Amino acid sequence: MVSFGQSSGSPDPVPLSDLAPKSLFLTRPSMMQYNETRDELLECAGEVFANVASGVIKARVNHKYPLSRVADAHADLENRITSGSVVLLP
């Protein structure tokens, strides 16, 4: 099981006895566990953006709002109506 982000609050506790029967484990990665320096972070980010630009990674945008509707986008985020990416368009 992998836990990403904190937008929905802290995850519920998981008893170790529930994981043990199938040798399951829980991990919560942090970006700085993979990139110790700013240079490493910039290098990895450059690789990700290059892969997005070439189509190797497909970025899904779940919600698009014109900039004139920024208040609606913010309200939808606060009310947990959205999931995934939210993009404001000029």
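All of the numbers you see were taken from the coordinates with simple rules; none came from a lab. Fair warning: this is a prediction, and the values are worked out from it, not measured in the lab. Quick reminder, even Gly has a Cβ in these numbers, built from the backbone with ideal geometry, and neighbours come from all protein chains shown.
In a GNM of the chain with a 10 Å cut-off on Cα contacts, which of 54, 30, 17 has the highest mean-square fluctuation?
17
What residue among 52, 14, 61 has the largest mean-square fluctuation in a Gaussian network model of the chain, using Cα springs under 10 Å?
Of the options given, 14 has the highest mean-square fluctuation.
State to the nearest 20 debye the size of the charge dipole of the stretch 28-90 about its Cα centre, where the only charges are +1 on K and R beta carbons and -1 on D and E beta carbons.
Charge dipole of the stretch 28-90: 360 debye, to the nearest 20.
Looking only at Cα atoms, what is the convex hull volume of the chain per residue, in Å³?
Enclosed volume per residue, from the Cα hull, is 167 Å³.
Using just the helices of the chain, give the 222 nm mean residue ellipticity in deg cm²/dmol: DSSP H runs with n ≥ 4 each add -39,500 (n - 2.57), and the total is spread over all residues, rounded to 500.
-10500 deg cm²/dmol
Could you work out how much longer the chain between residue 88 and residue 32 gets when fully extended? Use 0.36 nm per residue separation minus the Cα distance between them, nm to one decimal.
So the extension gain works out to 17.4 nm.
Summing +1 for each Lys or Arg and -1 for each Asp or Glu, what net charge is found among the other residues whose Cβ lies under 12 Å from the Cβ of residue 46?
The answer is -4.
Normalised by the number of residues in the chain, what is the relative contact order in percent for Cα pairs under 8 Å and 6+ residues apart?
23 percent
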